[in-house]
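Chemist: Take a look at the following structure, please.
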Amino acid sequence: MLERISKITERWFLSEEALFSVFCTHRVAENSGMACHVRVGKGVIEVNPDQCADISDKELEERLRVEVIRILLKHPYDRQPDGCCITARALGSNCVIGDSYRLQRVEVEKPADFRLPSNGHFEFYARCIQKLLQKMGLGQSDGDSGADGQQGESGFGKEYADIAANWQQDELMAAQVNEMIQNVKSWGSLPGKLVEEIMASTKARVDYRKILAGFRATILSEKRKLTRMRPNRRSGFDAMGSRYDFTTRMMIGVDCSGSISTDDLRNFYSTINRFFQYGIQQIDVVQFDTELGEVQTLLKASENIKVTGRGGTCFQPFIDFVAKHPEYDGALIYTDGYASQPTIPANMRTPLCWVLRSEKELKEHEQWMRKSGRVCVIETP
């Protein structure tokens, strides 16, 4: 099997610079225990010798092409969609490839198979397919564990679960692939549409998880308490030591104007759970459109959302409220950004973080938002 692959890559060396270069960033290994023909992940291209023994060299080459294209798009290594099982991730990746690359011997799903639009990105397709699987009673999110066997077998077949079983966030591998892409001089037989997507994937994209984690770290405040249970560093048990408790208070403003859908709000509220996992005990939330609603205190993530407002949007009442309450250590604003730029009071010291729904909105509003705080994106299907 390795000899067959070697002959294929020798041809790539002469005519497919991009495919050959990215192929060389991974090692090849045989794996008879997986249900798919070929898969990638964790720096390895795995081939099932039993399944591939019955296919022609041309079909084997096409299956290798599909997996190498996944690496070029960095689906196995970059921005794994939150809340999506590995079957949904594999199918979402297939939709991107099937939409941009014509295959002759291998069947790969296309967006139309799921009644989805063309020209979508990996995360969009994965999340849409995740919703479809859940409606079918399948596709329970497996987080990052990779345990997807049962629902994969009862849904689209274990083959799809195995395709993405080794996918995980790997910034080092993603950076290595990006560097290789920047050095490619010839794209061989890869169509222009696919090349554009590959090049676009190398551009820095805002990862809300990193932004929120960094924002959380900057606003965590501590309260010192003296205790006999911990010795003083200088004098031992002769003097009381110190214990620090988190006392962070956060205010979150949620734009509930007519342009924000209920699904958008539900997705954002679920993200709030991340703050409870890392030391923040209490979060105050207030919904707003042109006026502020009632402040609600959350002690845990809320799934039941009662939406008020649904009018226009004005940020100024929320900004003024935060400025008048310096006891808050940080303020988060979830919005689509379509409103007048607010005036930040000179006496306001509370750090701000703007959370938008899409990269399109980020490009439109990032310039003025960054003047007052951090900016990130939480994309929804």
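The values are calculated or read from the model by the stated rules, or taken from the named source; none is laboratory data. Owing to the predicted nature of the structure, the values given are computational and were not obtained by experimental measurement. Cβ atoms come from the backbone with ideal geometry, glycine included; neighbour counts cover every protein chain shown. Surface areas here come from the heavy atoms of the whole protein model, side chains and all, with no ligands, DNA or RNA. Shrake-Rupley method; radii C 1.70, N 1.55, O 1.52, S 1.80 Å.
Chemist: Can you pull out the residues in the stretch 106-141 that are of a type in the set (A, V, I, L, M) and within 15 Å of ALA161 (Cα to Cα)?
Modeler: In the first step, residues of the stretch 106-141 are kept if they are of a type in the set (A, V, I, L, M); the result is 106, 108, 112, 116, 126, 129, 132-133, 136, 138.
Within the stretch 106-141, VAL108, ALA126, ILE129, LEU133, LEU138 qualify.
Chemist: Could I ask something else about it? In the stretch 46-55, which residues are open to solvent by 60 Å² or more (accessible area, probe 1.4 Å) and in contact (Cβ under 8 Å) with a residue 40 or more places away in the chain? Even if it seems obvious, please write down each step before you answer.
Modeler: We begin by selecting, within the stretch 46-55, every residue open to solvent by 60 Å² or more (accessible area, probe 1.4 Å); these are 50, 53-54.
Across the stretch 46-55, the qualifying residue is only ALA53.
Chemist: A further question on this structure: Return the residues of the stretch 116-134 that are polar (S, T, N, Q) and assigned to a loop (DSSP other than H, G, I, E, B); say none if nothing qualifies.
Modeler: Step one: list which residues in the stretch 116-134 are polar (S, T, N, Q), which gives 118-119, 130, 134.
The answer is SER118, ASN119.
Chemist: Kindly indicate the residue of the stretch 1-45 that is in contact (Cβ under 8 Å) with a residue 40 or more places away in the chain and acidic (Asp, Glu) and also most open to solvent (accessible area, probe 1.4 Å) among those meeting that condition.
Modeler: The residue in question is GLU17.
Chemist: Which of the residues belonging to the stretch 6-35 are in contact with a strand residue (DSSP E or B) (Cβ under 6 Å, 6 or more places away or on another chain) and of a type in the set (A, V, I, L, M)?
Modeler: In the first step, residues of the stretch 6-35 are kept if they are in contact with a strand residue (DSSP E or B) (Cβ under 6 Å, 6 or more places away or on another chain); the result is 26-31.
Within the stretch 6-35, VAL28, ALA29 qualify.
Chemist: Here's another thing I want to ask about it. Report, by residue number, each residue of the stretch 332-377 that is under 22 Å from GLY311 (Cα atoms), open to solvent by less than 70 Å² (accessible area, probe 1.4 Å) and in contact with a helix residue (DSSP H, G or I) (Cβ under 8 Å, 6 or more places away or on another chain).
Modeler: Result: LEU332, ILE333, TYR334, ASP336, GLY337, PRO342, TRP354, VAL355, LEU356, ARG357.
Chemist: I would also like to ask the following. Pairs, please: C-beta under 8 Å, at least 6 apart or cross-chain, first residue among the acidic types (Asp, Glu) and in the stretch 330-357, second part of a strand (DSSP E or B)?
Modeler: What qualifies is ASP336/ASP255; ASP336/LEU356.
Chemist: Taking the stretch 172-189 as the search range and keeping residues that are open to solvent by less than 60 Å² (accessible area, probe 1.4 Å) and over 18 Å from SER15 (Cα atoms), which one is modelled with the highest pLDDT?
Modeler: As a first pass, look at the stretch 172-189 and keep what is open to solvent by less than 60 Å² (accessible area, probe 1.4 Å): 173-175, 177-178, 180-181, 184, 186-188.
Remaining after also requiring over 18 Å from SER15 (Cα atoms): 173-175, 177-178.
Numbers: MET173: 88, ALA174: 86, ALA175: 84, VAL177: 91, ASN178: 88.
The selected residue is VAL177.
Chemist: Still on this structure, please answer the following. So which residues in the stretch 108-134 are closer than 14 Å to CYS85 by Cα, open to solvent by 30 Å² or more (accessible area, probe 1.4 Å) and touching an Asp or Glu at 6+ places or on another chain (Cβ under 9 Å), if there are any at all? Break it down into steps so the answer makes sense when it comes.
Modeler: So the first thing to find is which residues in the stretch 108-134 are closer than 14 Å to CYS85 by Cα, and the list is 122-134.
Retained after the next criterion (residues that are open to solvent by 30 Å² or more (accessible area, probe 1.4 Å)): 124, 127, 131-132, 134.
Listed by number, the residues that qualify are PHE124, ARG127.
Here's the yes/no breakdown for (1) within 30 Å of the chain's Cα centre (by Cα); (2) of a type in the set (D, E, K, R); (3) modelled with pLDDT of 95 or more:
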position: SER15; (1), (2), (3): no, no, no
position: ALA35; (1), (2), (3): yes, no, no
position: VAL38; (1), (2), (3): yes, no, yes
position: ARG63; (1), (2), (3): yes, yes, yes
position: ILE69; (1), (2), (3): yes, no, yes
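Chemist: Something else: Name the residue, out of CYS84, CYS95, that is open to solvent by less than 10 Å² (accessible area, probe 1.4 Å) and either at pLDDT below 95 or aromatic (Phe, Trp, Tyr) (or both). First the steps, then the outcome.
Modeler: Numbers: CYS95 fails: either at pLDDT below 95 or aromatic (Phe, Trp, Tyr) (or both).
Among CYS84, CYS95, only CYS84 is open to solvent by less than 10 Å² (accessible area, probe 1.4 Å) and either at pLDDT below 95 or aromatic (Phe, Trp, Tyr) (or both).
Chemist: Out of the strands (runs of 3 or more DSSP E) lying entirely within the stretch 1-86, which hold 2 or more residues that are among the acidic types (Asp, Glu)? Can you show your working first?
Modeler: Numbers: elements: 27-30, 38-41, 44-47.
The strands (runs of 3 or more DSSP E) meeting that bar number zero.
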